[in-house]
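As structure tokens, the structure follows; a few thoughts come after it.
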Amino acid sequence: MLISRRQLEENEFKTLAPYGLKSRDSRGRAYPEDEPRDRTAFQRDRDRILHTTAFRRLEYKTQVFVNYEGDYYRTRLTHTLEVAQIGRSIARALGVNEDLVEAICLAHDLGHPPFGHSGEVALNKLMADHNGFDHNKQSLRIVTKLERRYPDFPGLNLTWETREGIVKHETEYDIADASDYNPDLRGHLEAQIANVADELAYTAHDLDDGLRSGLITTATVDGSALWEQIKASIGWAGGLLDDLTRHRLIRRLIGLEVSNLVEATSARIEAGGAQSALDLQKLDHNVVGWPDDFKTNNRELKSLLYNNMYRHYRVVRMATKAEKFISELFHAYVAEPAQLPPSARKRVDEVGLHRAVCDYVAGMTDRYALDEHAKLFDPHERP
């Protein structure tokens, strides 16, 4: 039996909540295209994102640990995949469009430079006189301009709804700038889900990697409300933390986060009386989120992670080195653009020298940036 796009669209209409976005109602693409026979518009967006060069590069971009520090820690790619899984689970529970949520989740970190947030801080400083650098904006530039895979248009030609979700990616650490995408409206529910899925994955999986690496110990989080709650839920009184127990604790934390989020969000939607996606976007607050007491407990856990893991001397040392690598690469290319490869030099006339250099550096993986730095500054390395 073959399932057609029209059948998939009809299934969305029958099964999704009234405030869930339907692919057949999409505002469309910047460049008109015929949609495929067997995929919805949002499924096509997801597939296009998965096949990009930028997506593959996430495998070797820092989450917290630089790639060479170990094979078992999260990378920007594994983080992205985990965000997408959590996002789909939340979307399914709330009756909204899983495919759109997945597409936004998969694209949300495409614009991250090497070395994680340290690389972003460095590039933003270096581009201060040239409109700065922000990984959310860079993600949008990648899907609208920088990926060159089609003869008839630049970028991926994603639907309006996916692009809006990327632009309105907003967490405690990311501030959205949606000037060209209905800035007076909230992100649609699918975009809001992608935002909290990112935040949730960050907290749970950084806790996991921190415990695995030894940067933090159980003593670091003992006494915090969420940690004590998940310990009690699996009947673990503390002591030596083996791998199996750690996995159980992290799994329980994610489950607890998702269930509390879904229940609180569902209650807010019902209280708001929204009957369409636009109704939710017109509200003066986001509806996707945790209850206040759970939000307080989340903040406590995040603060412990920030103070004891993200500010651990080993992480700070690497962050400092990363900013130095990025700055020296950037200045070297700006001082002598002939050192850029031909593909990057071509873009100088299109976007200017500084933006072309910034795009080139931002697209590097951790190990490529380290290799380039050695080639430019180590006389023993072949160029």
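The values are calculated or read from the model by the stated rules, or taken from the named source; none is laboratory data. The structure presented is a predicted model; accordingly, all values stated were derived computationally and were not measured. Note: ideal-geometry Cβ built from the backbone for every residue, glycine included; neighbour counts use all protein chains shown.
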- request: May I ask you to verify whether residue 128 is small (Gly, Ala, Ser) and crowded, with 24+ Cβ neighbours inside 10 Å?
  value: no
query: In the stretch 329-383, how many residues are exposed (fewer than 14 other Cβ atoms within 10 Å of the Cβ), among the small types (Gly, Ala, Ser) and touching a residue at least 40 places away in the same chain (Cβ under 8 Å)?
result: 1
- request: Count, please, the residues in the stretch 132-142 that happen to be touching a residue at least 40 places away in the same chain (Cβ under 8 Å) and more than 14 Å from the chain's Cα centre (by Cα).
  value: 2
message: When the residues of the stretch 169-186 are narrowed to those that are modelled with pLDDT of 75 or more and not hydrophobic (A, V, I, L, M, F, W, C), which ends up surrounded by the fewest Cβ atoms within 10 Å (Cβ to Cβ)?
response: 184
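Listed here are the residues, each with its yes/no results for (1) within 20 Å of residue 26 (Cα to Cα); (2) among the small types (Gly, Ala, Ser); (3) surrounded by 18 or more Cβ atoms within 10 Å (Cβ to Cβ).
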position	(1), (2), (3)
148	no, no, no
163	yes, no, yes
167	yes, no, yes
188	yes, no, yes
202	no, no, yes
213	no, yes, yes
223	no, yes, no
field: Near pairs, Cβ below 9 angstrom, 6+ apart or cross-chain, from the stretch 302-321 (over 17 Å from residue 225 (Cβ atoms) and β-branched (Val, Ile, Thr)) to any residue that is modelled with pLDDT of 85 or more and not in a helix (DSSP H, G or I)
entry: 315/215
- prompt: Only one residue in 375, 321, 302 is within 29 Å of residue 256 (Cα to Cα) and not acidic (Asp, Glu), so which one is that?
  reply: 302
Residues within the stretch 327-341 that are part of a helix (DSSP H, G or I) and either of a type in the set (Asp, Glu) or at pLDDT below 95 (or both), tallied: 1
